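> Shown below is the structure under consideration.
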Amino acid sequence: MSTKSNLKIGTLSNIEDLETQLEFTVDVKLREEREKKKKVEQESKIQEIVEKKKPKSKVLFFDFTNEFFETWADELNFPFKYRIVNELKELTLSLKSKTKTILFLNYSLTPKAVEQLLPQIKVKFPHTKVVVTGHDLTPQLITKLKSPELGAKVCLKVPCTLEEVMKHID
């Protein structure tokens, strides 16, 4: 008789375990479905932005002495054509084309180079819109970079989203 009661208790325990497993499985599946739906919505939103705003300008990233933009482009998966330039000579040749250009410079890794390049680009290549990116762009630094002396058009704190980048692509 005690075996039967142990068996019943054991069965109830198994049923409770099974209920818990089923609840957990349902929760995981619901969470996965929500995540898939959210990802599809985000991709749809990005595609909509890209369709509305296909770049009319050439997009360049100047990775002077580093690979920041190469990594960043992979992370954000840019849906537009762009070119990463690593040499100053190559940058100059690219900007000489007189084609409307959006140039991204990274302040965090090469602040002196950016501060030296900005006034030169402003004078020699007025068809170029410069977007300065950086991790620690303070309001004072942004004001300085956008000043008439330096002439950056946009300062963008990184990390940022693809939507934030797309706002500055024209």
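> Exactly one condition in (1) among the charged types (D, E, K, R); (2) modelled with pLDDT under 90; (3) in a strand (DSSP E or B) is not met by D136; state its number.
With (1) among the charged types (D, E, K, R); (2) modelled with pLDDT under 90; (3) in a strand (DSSP E or B) applied to D136, the lone miss is (3).
Conditions (1) of a type outside the set (K, R); (2) part of a strand (DSSP E or B), marked per residue:
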position	(1), (2)
L105	yes, yes
L109	yes, no
K112	no, no
L117	yes, no
V123	yes, no
V131	yes, yes
L150	yes, no
V165	yes, no
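> Residues of segment 108-133 being modelled with pLDDT of 90 or more and touching a strand residue (DSSP E or B) at 6+ places or on another chain (Cβ under 6 Å), which ones?
If the condition is that a residue be modelled with pLDDT of 90 or more and touching a strand residue (DSSP E or B) at 6+ places or on another chain (Cβ under 6 Å), then V114, I121, T128, K129, V130, V131, V132, T133 are the ones that fit.
> On to the next question. Which of the residues that make up segment 104-136 are of a type in the set (A, V, I, L, M, F, W, C) and closer than 14 Å to F68 by Cβ? It would help to see each step written out before you state the result.
Taking segment 104-136 and keeping what is of a type in the set (A, V, I, L, M, F, W, C), we get 104-105, 109, 113-114, 117-118, 121, 123, 125, 130-132.
Within segment 104-136, F104, L105, L109, A113, V114, V131, V132 meet the criteria.
> Further question on the same structure: Consider V59 against the criteria (1) at pLDDT below 65; (2) under 18 Å from the mean Cα position of the chain (by Cα); (3) aliphatic (A, V, I, L, M): it satisfies all of them except one. Which criterion is unmet?
Here V59 clears every test but (1).
> Residues of segment 127-153 being closer than 12 Å to L103 by Cβ and surrounded by fewer than 17 Cβ atoms within 10 Å (Cβ to Cβ), which ones?
H127, K153
> Here's something else I'd like to know. Going through C160, C155 one at a time, which residue ends up being outside any helix (DSSP H, G or I), in contact with a Ser or Thr (Cβ under 9 Å, 6 or more places away or on another chain) and modelled with pLDDT of 90 or more? Before you say what the answer is, go through the steps one by one.
Values: C160 fails: modelled with pLDDT of 90 or more.
Testing whether each residue is outside any helix (DSSP H, G or I), in contact with a Ser or Thr (Cβ under 9 Å, 6 or more places away or on another chain) and modelled with pLDDT of 90 or more leaves just C155.
> Then there is this: Of the residues K144, K129, K122, K153, only one is farther than 20 Å from L95 by Cβ and assigned by TED's automatic domain parsing to the domain that holds F61; which?
Values: K129 fails: farther than 20 Å from L95 by Cβ; K122 fails: farther than 20 Å from L95 by Cβ; K153 fails: farther than 20 Å from L95 by Cβ.
Answer to the check: K144.
> Within segment 98-116, can one find any residue that is among the β-branched types (V, I, T), surrounded by fewer than 16 Cβ atoms within 10 Å (Cβ to Cβ) and either in contact (Cβ under 8 Å) with a residue 60 or more places away in the chain or farther than 17 Å from L156 by Cα (or both)? Reasoning before the result, please.
So the first thing to find is which residues in segment 98-116 are among the β-branched types (V, I, T), and the list is 99, 101-102, 110, 114.
Next, from what is left, pick out any that are surrounded by fewer than 16 Cβ atoms within 10 Å (Cβ to Cβ): 99.
After this cut, where a residue has to be either in contact (Cβ under 8 Å) with a residue 60 or more places away in the chain or farther than 17 Å from L156 by Cα (or both) as well, the list is 99.
Within segment 98-116, one or more residues are among the β-branched types (V, I, T), surrounded by fewer than 16 Cβ atoms within 10 Å (Cβ to Cβ) and either in contact (Cβ under 8 Å) with a residue 60 or more places away in the chain or farther than 17 Å from L156 by Cα (or both).
The values are calculated or read from the model by the stated rules, or taken from the named source; none is laboratory data. Because the structure is predicted, anything quoted here is derived from the model rather than measured. A quick note on method: Cβ atoms are made from the backbone with ideal geometry, for glycine too, and the neighbour counts reach across all protein chains shown.
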